[in-house]
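Quick notes on the structure that follows.
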Amino acid sequence: MFAHNPVMVEKVLSCLSIKSNDIIVDCTLGEGGHSSHFLRNVKDGYILGIEQDSVILKKAIQRFREFHQKFIPVRDNFSNLKSIIQDNIGKKVDKIFFDLGISMFHIKESKRGFSFSREEPLDMRLDQSKSLSGMDVVNRFDKKKLAEIIWAYGEEKFSNRIAGLIVQEREKNRITTSTRLADIIRRAIPRKHWPKNIHPATKTFQAIRIFVNDEIEILEKALRDGIECLKPGGRICVISFHSLEDRIVKSVFRDLTKGCTCPPDFPVCVCGGKKIIKILTKKPLFPDEVEINTNPASRSARLRCANKLEVNFLDKVSPDMRVIA
């Protein structure tokens with residue numbers, strides 16, 4: 001049994017500045033690593049935890065069984081964040097949290113092929129009700145599409161070589177396990193170009209996982225929806241683990257700080273643009289050396305946080321909508 005070690009807990013708590021009556025939405029609940037700390041800080045508020053993986057959600061429900069009405073579990077994907085909040089809370093919330101990394105459960109326990117060091121079926125689905133798996137991707141997609149995925153989501157410069165060797169090898173035998181795929185990737189990358197601190201298959205495995213689970217496509221909308229659902233003065237905190245995610249977070253935050261976009265020579269604003277958030281982390285926060293040494297998986301984590309200045313979603317919520325208090 002492996003327990004997920006939540007990243008940068010103290011920094012997250014400091015950025016969110018949790019109050020005792022806060023309503024907090026944990027958009028990536030996992031095993032509840034961060035939410036366990038949130039629950040210790042809310043006395044009159046509660047946590048809504050969203051998790052798409054039914055197996056890991058059961059773990060969180062068991063872990064928080066003593067909290068009763070202070071913990072509301074929802075099996076869903078954060079791409080549906082706005083409707084989840086509307087259906088389960090019915091009003092604006094105080095804090096929104098995203099931890100975009102996969103859980104240690106998925107790497108160590110799920111047996112779905114997330115780890116290149118374990119011989120497991122090449123599944124890679126976080127939500128197993130979805131149809132497309134990692135096995136489908138590597139065995140069905142043509143070389144061009146494979147290379148595009150590996151480059152776009154893994155930023156792997158040897159994407160063409162890797163895709164080409166995958167296509168060659170699957171003609172001999174269908175690629176069904178994580179270890180076989182990892183070996184193909186390792187052979188496709190020249191030895192002198194292997195990264196120093198990570199397995200040469202890391203970027204490709206990341207790319208396939210992201211593609212299978214639509215992780216990048218849904219992120220921007222979920223961030224904007226989350227900010228829209230915050231109360232004025234509410235906060236959003238996001239931990240990302242690779243540059244693609246972080247660029248999206250940074251871009252969304254910057255876009256929502258623009259305000260008026262009228263030319264400077266206009267006497268009055270005609271665009272109606274308003275600043276929606278104030279960025280609280282001018283540069284991302286990183287784990288310190290002590291945390292990296294004790295939890296190597298945290299080494300690529302970066303945290304960004306913003307404060308909500310104005311919202312308009314749920315202002316018009318029906319007065320008879322159920323509100324959980």
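The values are calculated or read from the model by the stated rules, or taken from the named source; none is laboratory data. The model shown is predicted, which means the values in this text are computed figures rather than measured ones. With ideal geometry, Cβ positions are generated from the backbone for all residues, glycine too; neighbour counts draw on all protein chains shown.
Brief remarks follow.
- Residue in the range 130-138 that is under 29 Å from Glu31 (Cα atoms) and modelled with pLDDT under 95 present: yes
- Those residues of the range 61-80 which are in contact with a strand residue (DSSP E or B) (Cβ under 6 Å, 6 or more places away or on another chain) and either under 15 Å from Gly33 (Cβ atoms) or assigned to a helix (DSSP H, G or I) (or both), in sequence order: Ile61, Phe64, Lys70, Phe71, Pro73, Phe78
- Among the residues making up the range 191-238, those that are over 29 Å from Ser131 (Cβ atoms), assigned by TED's automatic domain parsing to the domain that holds Asn21 and aliphatic (A, V, I, L, M) are Ile227, Leu230, Ile236.
- Total residues in the range 71-87, condition under 23 Å from Ile239 (Cβ atoms) and either out of contact with any helix residue (DSSP H, G or I) (no Cβ under 9 Å at 6 or more places or on another chain) or of a type outside the set (Val, Ile, Thr) (or both): 10
- Residues in the range 242-270 that are hydrophobic (A, V, I, L, M, F, W, C) and exposed (fewer than 12 other Cβ atoms within 10 Å of the Cβ): Phe266, Val268, Val270.
- Some residue of the range 128-148 being among the hydroxyl-bearing types (Ser, Thr, Tyr), touching a residue at least 24 places away in the same chain (Cβ under 8 Å) and in the same structural domain as Lys58 (by TED's automatic domain parsing): no
- Among (1) farther than 29 Å from Ser14 by Cα; (2) touching a strand residue (DSSP E or B) at 6+ places or on another chain (Cβ under 8 Å); (3) buried (at least 19 other Cβ atoms within 10 Å of the Cβ) - the single one Gln52 does not satisfy: (1)
- Residue identified as over 24 Å from Ile227 (Cα atoms) and either in contact (Cβ under 8 Å) with a residue 40 or more places away in the chain or not assigned by TED's automatic domain parsing to the domain that holds Glu31 (or both) among Lys91, Lys108, Lys95, Lys58: Lys108
- Matching residues in the range 152-177 - criterion: being of a type in the set (A, V, I, L, M, F, W, C) and free of Cβ contacts under 8 Å to residues at least 24 places away in the same chain: Ala163, Leu165
Every residue, every condition in (1) in contact with a Lys or Arg (Cβ under 7 Å, 6 or more places away or on another chain); (2) closer than 26 Å to Ala301 by Cα; (3) at pLDDT 95 or above; (4) not in a strand (DSSP E or B), yes or no:
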site	(1), (2), (3), (4)
Leu13	no, yes, yes, yes
Ser20	yes, no, yes, yes
Lys43	no, no, no, yes
Gly49	no, yes, yes, no
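- The one condition from (1) in contact (Cβ under 8 Å) with a residue 40 or more places away in the chain; (2) within 20 Å of the chain's Cα centre (by Cα) that Ile47 does not meet is (1).
- Residue check: Phe116 meets all listed conditions (1) without any contact (Cβ under 8 Å) to a residue 60 or more places away in the chain; (2) within 19 Å of Phe205 (Cα to Cα) but one, namely (1).
- The condition of being outside the structural domain of Phe241 (by TED's automatic domain parsing), within 28 Å of the chain's Cα centre (by Cα) and of a type in the set (Gly, Ala, Ser) does not hold for Ala188.
- Condition met for Gly234 (surrounded by 12 or more Cβ atoms within 10 Å (Cβ to Cβ) and farther than 30 Å from Gln206 by Cβ): yes
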